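Engineer: Got a structure here, written out as C-alpha cells. Questions coming.
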Amino acid sequence: MDAVQEGRSFTVTRDGHRIGELIPLRRRRRFVSREEFTAMSRSAPDISLDAFRTDQDATADQELDDPYAR
C-alpha cells in the first residue's frame, strides 16, 4: 500500500491471467490563489493571437452543418 500511495501501480493476476489493477487514486487538485496564478503567469510564454487564430482555422470545421437537417 505504501508503494501505491507513492504512485506505483500493480497488475493483479490469478493463474497468470490479469484480473485487475491496483492504482493510486487521483489526487485532488489544490486551490491556486489569484496571487499564485499571477506569479505563474508571468513566466508563461507569450501567445501570438494571429498564430492562435490560424491554428484554430486550420483545425476547426469551417462548414456550419445543421445537426437537425435530414
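The values are calculated or read from the model by the stated rules, or taken from the named source; none is laboratory data. Just so it is clear, the model here is predicted, and its values are computed rather than measured. Virtual Cβ from ideal backbone geometry, glycine too; neighbours counted across all protein chains shown. Each accessible area value is taken on the protein alone, full model and side chains, heavy atoms only, with ligands, DNA and RNA left out. Shrake-Rupley method; radii C 1.70, N 1.55, O 1.52, S 1.80 Å.
Engineer: If we only count helices (runs of 4 or more DSSP H) wholly inside the chain, which ones have 3 or more residues that are open to solvent by 100 Å² or more (accessible area, probe 1.4 Å)?
Structural biologist: On the way: elements: 2-5, 34-42, 49-59.
Of the helices (runs of 4 or more DSSP H) lying wholly inside the chain, those with at least 3 residues that are open to solvent by 100 Å² or more (accessible area, probe 1.4 Å) span 34-42, 49-59.
Engineer: Kindly establish whether Ile23 is of a type outside the set (S, T, N, Q), within 30 Å of Met1 (Cα to Cα) and in contact with a Ser or Thr (Cβ under 6 Å, 6 or more places away or on another chain). Before the answer, list the steps.
Structural biologist: Values: of a type outside the set (S, T, N, Q): yes; within 30 Å of Met1 (Cα to Cα): yes; in contact with a Ser or Thr (Cβ under 6 Å, 6 or more places away or on another chain): yes.
Answer is yes for this residue.
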